[in-house]
1. What ³J(HN,Hα) values, in whole Hz, does the Karplus curve 6.51 cos²θ - 1.76 cosθ + 1.60 give for region 184-199 when θ = phi - 60°, with x put for Gly and Pro?
2. Under a 5 Å amide H to amide H cut-off, with H placed in plane at 1.01 Å, what residues pair with Y144 once short-range neighbours are removed?
3. So what does the Cα-only Debye profile of region 200-269 read at q = 0.11, 0.12 Å⁻¹, as log10 I(q)/I(0), no solvent term?
4. Around P67, what is the net charge, scoring Lys/Arg as +1 and Asp/Glu as -1 over all other residues with Cβ under 15 Å from its Cβ?
5. Just to verify a number: FRET efficiency for I52 and R125, C-beta to C-beta distance, R0 = 51 Å, to 0.05?
6. For the full complex of protein chains and a 1.4 angstrom probe, list F121, F178 by accessible area with the highest value first.
7. What list of ³J(HN,Hα) couplings, whole Hz, do you get for region 77-89 from phi and the Karplus terms 6.51, -1.76, 1.60, once you set θ to phi - 60° and write x for glycine and proline?
8. By the scheme Lys and Arg +1, Asp and Glu -1, what is the net charge of all other residues having a beta-carbon under 15 Å from that of W210?
Amino acid sequence: MAVMSHSTSTTGEGTRPPAGAPAGRRKPRGVTVYGVALRMPYWVFTGAVALIFLAPLVWTAVASVSPQAGTNQTEGWGFGNYETLANYQAGIWRYLFNSAFVSLLTVLLTLVISLLGGYAFARFRFPGRNFLFLLTLAILMVPYATLLIPLYVLLNEVGLENSLVGVALVLTMFQLPFSTFLMRISFEAVPRELDEAATVDGCSTWGALWRVLLPAVKPGLITVGLFSFLAAWNDFMAPLILINDSERMTLPLAVSNLRGQVQGVVDYGATEAGVVILALPCIVLFLLLQRHYVRGFMSGALKG
């Protein structure tokens, strides 16, 4: 009886499994009414915010194909407003090419310069480093429009007036302070042990940057590139001041000029079609890169 009671007690429910045996998995918690009630205000708030931001875009897209008086689409639904935009002066494809050229060149220059600048500020010690960094950030405190006239004079002196390259250089200058700041905190979030390990393995400074650090700061680079593209693609002020040739206008400037092309009457249909075309690349890029975009902003906050 003693033996039987002992064996029964060792196989009861309250005993622990023998050493080395796999532990049982915990059952996932089910959805409770209390949990749903706690999350409901968050869902309602985020849904309302999403509707607030999406409503103008949906309204513009619908209005661009709906019939409106005084437009090229007066009867029925169709793409008459897009035809007006496509045939305006040099044509929509020319303006799309100008905007794409300025935007891509701005992104390329901003990525290269901010990558090297952020790496230098984060990894090297040299006299006046912090002062030079603050001086770079001080550009953000200068109003954007006040510098365009002096920059126009400067571009005229170097032969880049009325040039898409000159517009890209100006836009790059205004993107560099924030981009350099973001790349610096991205590099500072990477442990220095990676640099030291790469150096021990025989990598040079450039080799460590290219092979080790560049993949680690990829989210920051994507964030910088996305910001630069959005700013250059949608910029209106710089092309307005620096470009006076209709063949070299960017798409925002062309859409603005299209608004009052007929005796000052605003063509709202063609304007809405232009807004849709301007918004589509930005929306697609943001949706494709949003994961890296959030990680790029969080890289400095997660340091250490």
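The values are calculated or read from the model by the stated rules, or taken from the named source; none is laboratory data. All figures in this text were calculated on a predicted structure; none of them were measured in a lab. Note: ideal-geometry Cβ built from the backbone for every residue, glycine included; neighbour counts use all protein chains shown. Each accessible area value is taken on the protein alone, full model and side chains, heavy atoms only, with ligands, DNA and RNA left out. Shrake-Rupley method; radii C 1.70, N 1.55, O 1.52, S 1.80 Å.
1. 5, 5, 5, 5, 5, 6, 8, x, 5, 4, 5, 4, 5, 5, 5, 5
2. The list, which skips near neighbours in sequence, is empty: none.
3. Relative scattering, expressed as log10 I(q)/I(0), comes to -0.52, -0.56.
4. -4
5. 0.60
6. Per-residue accessible area, sorted high to low, gives F178, F121.
7. Result, ordered by residue: 8, x, 10, x, 5, 6, 5, 4, 5, 5, 9, 6, 6 Hz.
8. That works out to +1.
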